[in-house]
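Below: one structure, written as structure tokens.
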Number of protein chains: 2
Amino acid sequence: MNHHLYALVMAGGIGSRLWPRSRRNRPKQFLDLLTSRTLLQQTVERIEPLIPLERLLVVVSEEHADLVCEQIPGLPAENVVVEPGPRGTAPCIGLAAVLLQARDPLAIMATFPADHRVADGAGFRQAIAAAAQISGDGHLVTLGITPDQPNTGYGYIQRGAPLGEVDGLTAFRVQRFTEKPDLPTAQRFVDSGEYYWNGGIFIWQVETILGEMANLLPLLHTELQAIAKNWDSSECQETLVEAWERVPRTTIDYGVMEKSSRVAVLPVDIGWDDVGNWATLSGLVDADTEGNVVRGDGQPLLLDTSDTYLYTTRDRLVSLVGLEGFVVVDTPNALLVCPKEKAQAVREVVKELREKGLDQYL
Amino acid sequence: MNHHLYALVMAGGIGSRLWPRSRRNRPKQFLDLLTSRTLLQQTVERIEPLIPLERLLVVVSEEHADLVCEQIPGLPAENVVVEPGPRGTAPCIGLAAVLLQARDPLAIMATFPADHRVADGAGFRQAIAAAAQISGDGHLVTLGITPDQPNTGYGYIQRGAPLGEVDGLTAFRVQRFTEKPDLPTAQRFVDSGEYYWNGGIFIWQVETILGEMANLLPLLHTELQAIAKNWDSSECQETLVEAWERVPRTTIDYGVMEKSSRVAVLPVDIGWDDVGNWATLSGLVDADTEGNVVRGDGQPLLLDTSDTYLYTTRDRLVSLVGLEGFVVVDTPNALLVCPKEKAQAVREVVKELREKGLDQYL
């Protein structure tokens, strides 16, 4: 066990494609979507055998900080970092990096979204440990998910020359990042065997990432220094909020990874999924012999129905007749009915609710 | 206006194919399914210009008698006849017939289901008046609905020789009744021009129908005489309940119309529909430019959705994404999702609820 290895779990997402279960007051990562544990709990429990809670930070918005404390009771209070507002992953990661650097200048940080699924926990931890070793040479390591289909919803990473092998895993230089390609391009990527999905899991020394931020996102780096300087002072909160107004809104992928020459990819095959929408979620849980998945506390009644995901709510009956390949999510005040192939469009519903000011359903 | 013409509105149906709006405590005929008026109210208002409420009986089960009084406030209390239990249309019609005979031995009664739709009210009344005249010759007159498609859910009536013309309408002897035929047969019937749908609207002298019951349903006739004899006595209720235990359970179609030689059909084209299921109901109300019909007090949000019927409930949002040709009925405690072409199967849901004892959803 590497005592300089820290974890950052980013719990700031909104998961709008999993509406109406994912809501403003309890987004996707705080829901028990796959098992009886929430995605955040599953994420932390997957990391914990490698990185104990003492060295695990969760960055979260103010309104969800209580949910983090409630769902991860063993997490030290100072490890819950409240972000003043969503500014993309680069400021979030930068904030965690300066805080960890203050604790341990030799810190290596592994960054994880709070809302993904990984089937092979042991393989996942083995990969993180290997990546931590590789990061010792000043690399920004990203896990490359071996694609099993030409998904157009993910970013793709093309590997370059091999960098070496650790524990049976080979890391590569990164040739190129490509954001969500069209289907023929995605198919070509998958067929080539040289491309991986960008799963948003990064491992690096805090020194390396902060150095790259100084080069590539100097404004952010300056603000982060100010925050770090005042972190233990009485002006901590004020400094953070003011700095957050000024930091550039950008993602770590766009702001650093796509531009840095220090990037490495470590290909893994760990049963990863971003639990992106109701259709993909439906494929991640056990179905009955008709291919139906039924969840929730309500009363289901399915006739002549197959390949369908149904969530029901206590004291309500949902009857589906003659459906094939559908998603039906019934919550106390909002219902979604959608064929699986339209599951990506659920984010448009959330957009419309926001535009129409129908806040009670957000 | 014929002062011997009386109306019987049969309000005992359950309308299970219109679940989950049609429920045990408020079946189809008591719901505002087509307009802001209920089907029962529409039925009565359609009849009233021809037959005033004083000469209009409603037969109903005990649990729904209050709904009748509430929805038809001008109806004299003695015109609400409570049936001890459902025994088919023959006992129901027989009961009304003996009660009317006691009031007026020359009574002509016109019998109407409470839950049908007629677009052309004036044409409907003209037909009833004509049928009343024809019934004077001892005919059991049934309105024959001119079919516009080979519907396999209705009974068909084949016309025989012409009986004569009244007010521009020609009545015919009946050659044959055929219960719900298969599709090729129904198509042949429609193509021939000799067949009509049996809409369950009958006109006859009470003397004629009771005479035919004496011939064809003698057990029923005997019980009806006993009921009539005691109707104004203190044993009225007891006699009725006991007699109702013994009367044969049968329909007027099977018990009388298919066997009698006095049957006549009066073809009409009055925009009739039995409002049988959600798909047919959907076709009877105005749709928006996408072919969607949205009803109810809730909040609808339709994206990329067409040819769909949606009913929503107060304080709930229903979002439909990418649906075509669906029925979605959201009530406070039960939801139905079904493609229109499976709308007939909704009765199976009700059957299952009954079998499973899920009474709160019935």
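Pop a pseudo-label 7 angstrom from the Cα along the beta-carbon direction at both B:Ser234 and B:Thr222 and give the gap in nm to one decimal.
The two pseudo-label positions are separated by 2.8 nm.
Largest first and in whole Å, what are the equivalent-ellipsoid semi-axes of segment A:67-223 based on the Cα gyration tensor, each being the root of 5 times an eigenvalue? Don't jump to the answer; show the numbers that get you there.
Working: eigenvalues 152, 70, 63 Å².
Semi-axes (√(5λ), whole Å): 28, 19, 18.
Going out from 0 in 5 Å bins, what whole percent of all Cα-Cα distances in segment B:76-162 drops into each bin?
That works out to 3, 9, 17, 21, 21, 17, 8, 3, 1, in percent per bin.
So what does the Cα-only Debye profile of segment A:132-284 read at q = 0.12 Å⁻¹, as log10 I(q)/I(0), no solvent term?
Log10 of I(q)/I(0), two decimals: -0.61.
What residue among A:Leu216, A:Leu67, A:Leu183 has the largest mean-square fluctuation in a Gaussian network model of chain A, using Cα springs under 10 Å?
Looking only at A:Leu216, A:Leu67, A:Leu183, the biggest GNM fluctuation is shown by A:Leu183.
Of A:Gly74, A:Thr89, A:Gly138, which is farthest along the charge dipole of segment A:5-273 in the positive direction, counting Lys and Arg as +1 and Asp and Glu as -1 at C-beta?
Selected residue: A:Thr89.
Using R₀ = 60 Å, calculate the FRET efficiency as 1/(1 + (r/R₀)^6) where r is the Cβ-Cβ separation of B:Asp304 and B:Arg249; round to 0.05.
0.75
Pairs to check: B:Lys28/B:Lys356; A:Lys351/B:Lys342; B:Lys180/B:Lys342; A:Lys28/A:Lys356. Give those whose C-alpha atoms are more than 24 Å from each other in this structure.
A:Lys351/B:Lys342
Just the Cα atoms of chain B, one point each, no solvent: what log10 I(q)/I(0) does Debye give at q = 0.07, 0.08, 0.10, 0.13 Å⁻¹?
Debye intensities relative to I(0), on a log10 scale: -0.32, -0.42, -0.65, -1.08.
With an 8 Å Cα cut-off and a minimum separation of 6 or more residues, compute the relative contact order for chain B in percent.
So the answer I get is 19 percent.
If the label point is 7 Å along Cα→Cβ of A:Glu70, which residues in segment A:32-47 have backbone nitrogen under 20 Å from it?
A:32-45, by backbone N distance to the label point.
For an R0 of 60 angstrom, estimate the FRET efficiency from the Cβ-Cβ distance between B:Arg173 and A:Thr35 and round to the nearest 0.05.
In this case the efficiency is close to 0.25.
Nm distances between the label at A:Thr152 and the same-position labels in the remaining copies, 7 Å along Cα→Cβ, shortest first?
Values, ascending and in nm: 4.0.
How large is the convex hull of the C-alpha atoms of segment A:278-361 per residue, in Å³? Please list the in-between numbers first.
On the way: hull volume 7.5 nm³, N = 84.
It comes to 90 Å³ per residue, whole-number rounded.
Scan segment B:285-353 for trypsin sites (Lys or Arg not before Pro) in coil per DSSP, keeping those whose Cβ has at most 11 other Cβ atoms within 10 Å, and list them by number.
Passing both the DSSP loop test and the Cβ count: B:Arg314.
Once the Cα gyration tensor of the protein assembly as shown is diagonalised, what are the square roots of 5 times its eigenvalues, in whole Å and ordered largest first, as equivalent ellipsoid semi-axes?
74, 24, 20
Could you work out the mean count of beta carbons from other protein chains within 10 Å of each residue's beta carbon in B:343-352? Each step should come with its number before you reach the end.
Details: counts 2, 1, 4, 4, 0, 5, 7, 1, 1, 4.
So the per-residue partner count for this stretch is 3.
In A, who owns the beta-carbon nearest the axis carrying A over to B, and how many Å from it?
A:Val337, 3
May I ask you to report, in nm to one decimal and beginning with the shortest, the distances from B:Glu207 to the same position in the other copies, taking label points 7 Å along Cα-to-Cβ?
Here B:Glu207 shows inter-copy label distances of 11.6 nm.
From the gyration tensor of the Cα coordinates in segment A:131-201, what semi-axes in whole Å does the equivalent ellipsoid have, largest first, with each one equal to sqrt(5λ)?
23, 11, 10
Just how large is the dipole of chain B about the Cα centre, in debye to the nearest 20, putting +1 at every Lys and Arg Cβ and -1 at every Asp and Glu Cβ?
Numbers: 32 positive and 48 negative charges, 104 e Å.
Using Cβ point charges on Lys, Arg, Asp and Glu, chain B gives about 500 debye.
Taking the Cα centre of the protein assembly as shown as the origin and placing charges on Cβ (Lys, Arg +1; Asp, Glu -1), which of B:Leu320, A:Ile14, A:Ser233 is farthest toward the positive end of the dipole?
Highest projection toward the positive end goes to B:Leu320.
Quick one: with label points 7 Å out along Cα→Cβ, list the inter-copy distances for A:Trp231 in nm, shortest first?
9.3
Coordinate-derived values only; no laboratory data. These numbers were taken from a predicted model, which means no experiment stands behind them. No Cβ is skipped: glycine too gets one built from the backbone with ideal geometry, and neighbour counts run over all protein chains shown.
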